[in-house]
Amino acid sequence: MTTIVLKVEVPIACFRQSRSREYIETYPVPPPSTMYGMLLSLVGEENRSKHCGVKLAMALLSEPEKSVTLRTFHRFKKSNIDASENVKPDFQELLTDVKLAVWINAGIDRARPTLPERLEQAFVNPASVNRFGGLCLGESRDLVNVVKVLSEKDKIEFLKWLVKDEDGSLVLPYWVDHVGSKGTRCLRYLLQQSAHQQPPELAWTTIQKD
């Protein structure tokens, strides 16, 4: 198998914008890097580089509702982990009832089996997957409620594709440098509603660190 399509539902999520500081804004969709991380977690893969070269395409299946909450954030400004300066309440945007579809294509994934093949095996034989922790999309508390395979027979009524566009308003990472920002790679995107059931060419993003 070279391509697999999954439906993903998350009750509450925040896809934190990289430049958010005091007011924690959310992207309207998960960045490709975030989705890739969730897929690796699904198959129990800890090496982020394992499936570099795989291609992803995403589309919203509905318009999630946005709300704002006040929550406690920990920012370590003092070496003493219990210092009061490390704890501060801030506003955070949340998305409710996130539903999306993701197409995963092997692309130039040189691993054997490829990521689409491992995902297929995970659904055919869940006992073959060795993983730990809850399956999240976004922050660690943003647990995935539904993840299932979509077949060609499944008719999707609403599709809002994430497509690459040089003038797009969304700057999303497809690879994140967790040590610093130097190695983070981003592209510009926009959301485009379409009746096409298959990803347009500009919807595909290749996951790569170089």
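Only the coordinates and a few stated rules stand behind these numbers; no lab work does. Computed from a predicted structure; not experimentally measured. Every residue, glycine among them, receives a Cβ derived from its backbone with ideal geometry; neighbour counts consider all protein chains shown.
For the reader, a short list of remarks on this structure follows.
- Legend: translational diffusion of the stretch 109-210 by Stokes-Einstein, Rh = Kirkwood radius over C-alpha pairs, 10 °C, 1.306 mPa s; D = 95 µm²/s.
- P(r), alpha carbons of the chain - 5 Å bins starting at zero, rounded %: 1, 7, 14, 18, 20, 17, 11, 6, 4, 1, 0, 0
- Ranked for footprinting exposure by Cβ neighbours inside 10 Å, fewest first, Val8, Val124 give Val124, Val8.
- Placing R0 at 45 angstrom, the Cβ-Cβ distance between Arg188 and Ser128 gives a FRET efficiency of 0.70 after rounding to 0.05.
- Each part gets one Cα centre, and for the stretch 44-68 versus the stretch 89-130 those centres are 7 Å apart.
- Among the listed pairs Lys99/Lys155; Lys66/Lys160; Lys164/Lys209; Lys50/Lys209; Lys50/Lys155; Lys160/Lys209, those beyond 23 Å (Cα-Cα): Lys50/Lys155; Lys160/Lys209
- Across the stretch 3-206, the mean sequence separation of Cα contacts (distance under 8 Å, 6 or more residues apart), normalised by length, yields a relative contact order of 31 percent.
- Label zone (Glu166, point 7 Å along Cα-to-C-beta; backbone nitrogen cut-off 11 Å) within the stretch 172-210: none.
- Residue among Asp109, Asp154, Asp165 with the largest mean-square fluctuation in a Gaussian network model of the chain, springs linking Cα atoms under 10 Å: Asp154
- Highest-fluctuation residue, Pro126, Pro32, Pro11 considered, GNM on the chain with Cα pairs under 10 Å: Pro126
- Residue-span extension gain [Ser62 to Ser140] - 0.36 nm each, minus C-alpha spacing: 25.8 nm
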